[in-house]
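Here the structure comes first, spelled out in structure tokens, and everything after it is commentary.
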Amino acid sequence: MTVLGLVASAAGGVEQWLVDDLARPLAGRGWRLAVTLTPTVARWLEPQLAALAATTDLPVRWTPRLPTEPKPHPVPDAFVFAPATANSLAKLALGIGDNQALTVLCEALGRRTPMVVLPQVSEDQAAHPAYQGHLAVLRSAGVVFAADPASVTRVLDRVAPFVAFGENRSNNACG
């Protein structure tokens with residue numbers, strides 16, 4: 001089974017669509033989900049964590065493991081980062097992995113793992129002088145952007161054939 005890293009950050013409305021409109025459909029399409037949350041969205045989703053965990057056989061994580069603990073997720077073959085806040089996009093573009101979610105995404109970019117990102121930013125955040133530059137950096141690293149939660153799976157379908165051909169296969173290791 002192909003592993004999909006599903007990463008979410010705290011953007012308004014995520015608690016209404018992440019489980020039912022993204023995680024369950026992705027799992028239903030045959031992806032083995034390796035779910036990682038930013039600490040803030042983990043708190044927001046606390047009432048839904050059991051439902052999110054039910055979409056996968058892997059632990060849902062938001063905290064780093066101790067050095068003596070085994071890595072809980074295999075290295076994903078592809079990633080979906082939805083939603084991605086302006087803060088998280090800036091950190092990802094700059095390589096700042098200051099929480100577990102951003103750490104796995106920064107590592108994935110370093111491996112050139114296929115990645116679909118759904119930005120969720122306000123008009124004012126998108127107008128910030130650095131925002132377009134951050135998107136350009138991510139595009140240059142191979143990130144493909146989705147427009148809304150419903151389009152994530154369509155965009156992933158464009159990325160998935162590369163995963164199926166083993167273009168990025170290093171799943172003997174764990175991440």
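The values are calculated or read from the model by the stated rules, or taken from the named source; none is laboratory data. Nothing here was measured: the structure is a model prediction, and the numbers come from that model. Please note: Cβ atoms are built from the backbone with ideal geometry, for glycine as well, and neighbour counts cover all protein chains shown.
Does T55 satisfy the condition of being touching a strand residue (DSSP E or B) at 6+ places or on another chain (Cβ under 9 Å), of a type in the set (S, T, Y) and modelled with pLDDT of 95 or more?
Yes, satisfied.
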| query | Could you list, in sequence order, the residues of region 15-35 that are of a type outside the set (A, V, I, L, M) and either surrounded by 15 or more Cβ atoms within 10 Å (Cβ to Cβ) or part of a helix (DSSP H, G or I) (or both)? | reply | E15, Q16, W17, D20, D21, R24, P25, G28, W31, R32
| So, of the residues in region 64-81 that are among the aliphatic types (A, V, I, L, M) and either free of Cβ contacts under 8 Å to residues at least 24 places away in the same chain or surrounded by fewer than 24 Cβ atoms within 10 Å (Cβ to Cβ) (or both), which turns out to be farthest from L6 (Cα to Cα)? | L66
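Do we have A8 as closer than 18 Å to L138 by Cβ and either modelled with pLDDT under 95 or under 14 Å from the mean Cα position of the chain (by Cα) (or both) here? I'd like the intermediate steps shown before the answer.
Values: closer than 18 Å to L138 by Cβ: yes; either modelled with pLDDT under 95 or under 14 Å from the mean Cα position of the chain (by Cα) (or both): yes.
Yes.
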| message | Looking for something surrounded by 21 or more Cβ atoms within 10 Å (Cβ to Cβ) and assigned to a strand (DSSP E or B) - is there at least one such residue anywhere in region 36-54? | response | yes
| field | Evaluation of N87 against (1) assigned to a loop (DSSP other than H, G, I, E, B); (2) modelled with pLDDT of 95 or more (one fails), failing number | value | (1)
| field | Among (1) in contact (Cβ under 8 Å) with a residue 40 or more places away in the chain; (2) over 15 Å from V41 (Cα atoms), the one test that N87 misses | value | (2)
